[in-house]
Amino acid sequence: MPKADANKWVNDYSDMLYRFALPRVNDAELAKDLVQETFLAAWRNAENFKGEISEKNWLFTILKNKIIDHYRKASTRLTENFSDRATEDNFFDEENHWEKNAYPKDWKADDTKNIETKEFYEVLEKCKAKLKEIQNTVFSMKYFDGFESEEICKELGITPSNYWVLLHRAKLQLRSCLEKNWFIK
């Protein structure tokens, strides 16, 4: 593969790959590193590229695998301090009823119009940054990457009950943050 093709990849796809990686890892420097690792892996394996898919799709596939590898390597560290106890949830009382100040509010919004703006995604990213890393990882794998629950548990080495607790807490915290910063200002 000529060097000019690798330069073309960087020029044509680096921004797209970065925009893909950033919300999944929620760390700008890590996203840049993963994109760089993607280009290096593509360069090293260029002779194996058979053209069955486009270069763009090939690079995105490599990047997805790099992100999964990152999740896999980080999963032990991410779950070390995780507890199954839901004491962090300030949303429910002892009988598992909504706390009065945490009850979901009516967003009174045209969801399709409000969530299609650049500003909404900036708020969403800020809200995701407030999640614990393991919560953000599980949420991103589920809703950005479309992984099935079983795949996420296997990749991260967590139990199904841990998975559901993490996802539940992430959704509650994101909902609360979005209400405060986007829907109900």
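The values are calculated or read from the model by the stated rules, or taken from the named source; none is laboratory data. This is a predicted model, so every value here is computed, not measured. Don't worry about glycine lacking a Cβ; one is built from the backbone with ideal geometry, like all the others, and counts go over all protein chains shown. Heads up: the accessible areas ignore ligands, DNA and RNA and are worked out on the full protein's heavy atoms, side chains in. Shrake-Rupley method; radii C 1.70, N 1.55, O 1.52, S 1.80 Å.
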### Task
Would you be able to say whether some residue in region 22-32 is more than 25 Å from Y121 (Cβ to Cβ) and assigned to a helix (DSSP H, G or I)?
no
### Summary
Here the residues within region 1-26 that are open to solvent by less than 70 Å² (accessible area, probe 1.4 Å) and within 25 Å of K142 (Cα to Cα) are Y13, S14, M16, L17, Y18, F20, A21, L22, P23, R24, V25, N26
#### Entry: Near pairs, Cβ below 7 angstrom, 6+ apart or cross-chain, from region 168-180 (assigned by TED's automatic domain parsing to the domain that holds K128) to any residue that is part of a helix (DSSP H, G or I) and open to solvent by 60 Å² or more (accessible area, probe 1.4 Å)
none
### Query
Quick check: is even one residue across region 114-134 open to solvent by less than 60 Å² (accessible area, probe 1.4 Å), modelled with pLDDT of 85 or more and at positive phi?
no
### Query
Here are some conditions: (1) at pLDDT 90 or above; (2) surrounded by 13 or more Cβ atoms within 10 Å (Cβ to Cβ). P160 meets all but one. Which one does it not meet?
(2)
### Task
Within region 32-67, count every residue that is open to solvent by less than 40 Å² (accessible area, probe 1.4 Å) and polar (S, T, N, Q).
1
